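Data first, discussion second: the structure below is written as structure tokens.
Each value in this text was obtained by applying a stated rule to the coordinates, not by laboratory testing. Note that this is a predicted model, so its numbers are computed, not measured. Cβ placement follows ideal geometry from the backbone for every residue including glycine, while neighbour counts extend to all protein chains displayed.
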Amino acid sequence: MQLTATHINYYHVCHRKLWLFANGINMEHTSDTVYDGKLLHETSYPQRAERYTEIEMSAMEGGIQLNGKIDFYDAKAKIIHEIKRSDKMEDAHAWQVKYYIWLLALNDVAGAKGIIEYPGLRERQEVIFTEADEASLKKAVAKIIELIHNDVCPPNIHAKICKSCSYYELCYIAE
Ligand code: SF4
């Protein structure tokens, strides 16, 4: 079993979204929001790829393989730069970055931190990692495994974020 930052992010956004994604139902290719996000990454800071490194990491935790890919990593300062369009899912973004910091620590790179940048809002948020965060991530990994192996898909959450979710039609079309 392998998990990625997407599982961690979706776990903090909506358990139904996590379940659908983990069970192979992927609508992201049809989503304008996802396309928009990719474009944001490519166009916001064109000079970034020259300054920062893209890294891929993995580690084993409790028999689960954890994988992660950081697009913009400043290896000298040990800072992960994550770009997002909107701060609507701030909490999930922060956990995604904490997951990367944890993965770095599991690969013997201790003391990294993160910066989430919202270029459209001209805002940035610093992300630090504590021992309590590590404990929470371990619990989240166990909970994610339990959730995605459940035969029953969790219910709709009827939240504001549903409107911009790639699963919106699938979740609400029959209602
Ligand atoms: S549309 Fe709403 S309920 Fe459905 S997966 Fe997305 S966030 Fe969850």
Expressed as a whole-number percentage, the relative contact order of region 64-175 with C-alpha contacts under 8 angstrom and at least six residues apart is 21 percent
Neighbour counts of other C-beta atoms within 10 Å: give me R124, R16 arranged from fewest to most. R124, R16
Determine, for R48, R122, the number of other Cβ atoms within 10 Å of each Cβ, and report the residues in order from fewest to most. R122, R48
Taking the Cα centre of region 51-175 as origin and charging only Cβ (+1 Lys, Arg; -1 Asp, Glu), how large is the dipole, in debye to the nearest 20? 320 debye
Which one, A112, S136, L147, projects farthest toward the positive side of the charge dipole computed for region 103-147 from Cβ point charges (K/R +1, D/E -1)? L147
When K78, K98 are arranged by how many other beta-carbons sit within 10 Å of their Cβ, fewest first, they go K78, K98
Would region 95-159 count as rounded, prolate or oblate if I go by the C-alpha gyration tensor, calling it rounded below 1.5 in a/c and otherwise prolate when a/b exceeds b/c, oblate otherwise? oblate
So what is the calculated 222 nm ellipticity per residue for the chain, using -39500 (n - 2.57) for each DSSP H run with n of 4 or more, over all residues, to the nearest 500 deg cm²/dmol? -12500 deg cm²/dmol
Long pairs among K69/K98; K17/K143; K17/K88; K17/K98, criterion Cα-Cα beyond 18 Å: K17/K98
